[in-house]
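Report on one structure; see the data block that follows.
The values are calculated or read from the model by the stated rules, or taken from the named source; none is laboratory data. All of these numbers come straight from a predicted model, not from anything done at the bench. Cβ placement follows ideal geometry from the backbone for every residue including glycine, while neighbour counts extend to all protein chains displayed. The area values use the complete protein model at the heavy-atom level, side chains included, leaving out ligands, DNA and RNA. Shrake-Rupley method; radii C 1.70, N 1.55, O 1.52, S 1.80 Å.
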Amino acid sequence: MRSIGASGAPVHELEVNWAERLVRFLTHPVVAPLLLSLGFLGVIIELRAPGLGLPGAVGVLALALFFGSHLLIGLAGLEAVLLFAAGVVLIGIEVFVIPGVGLVGFLGAGSVLAGLYMSLIGSTPTTVDFARGAGILSTSILAVLLGSWVLLRRFPASRRLGRSGVFLN
């Protein structure tokens with residue numbers, strides 16, 4: 001401060017508050033794939049066991065935490081969220097309106113993946129950002145594939161879950 005002629009100027013020290021710590025935690029490269037995986041697994045379980053409500057709510061909450069935290073720190077822009085939402089709508093059209101065509105679902109899946117990837121790399125990405133985003137997205141895809149295989153293949157065979165009504169026989 002003396003070298004620039006401001007020795008008497010007040011010094012303000014900024015501290016990280018709880019909200020900043022929470023957003024840093026939610027955007028951490030280890031936590032972000034968990035949020036994505038939990039979000040998609042919750043939606044998949046909700047589609048498999050309709051009427052339960054809790055897995056779908058947890059899935060939507062996890063995806064909202066993912067996108068909300070990435071929007072707050074400036075990684076995700078509105079275009080990434082809109083691309084993701086357009087992909088979800090296209091997949092919904094493929095499933096409920098014109099099943100069996102495939103093209104609309106393929107475009108929807110591509111839009112979902114592109115929106116997720118855009119929200120992971122930010123608006124001015126570097127090579128490190130591209131690699132980190134690809135790592136997070138591929139980890140999430142692998143976790144969703146493995147988790148959905150376990151949930152949809154193994155759990156419905158459980159007699160206890162079938163009797164409780166969690167999975168439809």
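What does the charge dipole of the chain about its Cα centre add up to, to the nearest 20 debye, if the Cβ of each Lys and Arg holds +1 and the Cβ of each Asp and Glu holds -1?
Numbers: 10 positive and 7 negative charges, 158 e Å.
The dipole of the chain has a size of about 760 debye.
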Distance between modelled label sites at V31 and D129, nm, 7 Å Cα→Cβ extension: 2.1
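How much area per residue is accessible in the range 1-123 when the probe is 1.4 Å and only protein heavy atoms are counted (Å²)?
62
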Residue-span extension gain [S138 to L14] - 0.36 nm each, minus C-alpha spacing: 41.0 nm
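Could you order peptides 32-45, 105-118 by the average number of other Cβ atoms within 10 Å of their residues, highest first? Please report the intermediate quantities before stating the final value.
Numbers: 32-45: 21.3, 105-118: 17.9.
Per-residue Cβ counts within 10 Å, averaged per peptide and sorted highest first, yield 32-45, 105-118.
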Exposure rule at most 15 other beta-carbon atoms within 10 Å, DSSP loop trypsin sites (Lys or Arg not before Pro): the chain longest free segment: 3-153
Acute angle (nearest 10 degrees) that the helix 54-72 long axis makes with the longest principal axis of the chain, alpha-carbon atoms: 30
Positive-end residue, the chain charge dipole about Cα centroid, Cβ charges, pick of L83, V104, S140: S140
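What 222 nm value per residue comes from the helices of the chain, counting each DSSP H run with n ≥ 4 as -39,500 (n - 2.57) and dividing by all residues, nearest 500 deg cm²/dmol? Each step should come with its number before you reach the end.
Values: 7 runs with 117 residues, N = 169.
So the calculated ellipticity at 222 nm is -23000 deg cm²/dmol.
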Of all accessible heavy-atom area on the chain, the percent that carbon and sulfur account for (1.4 Å): 71
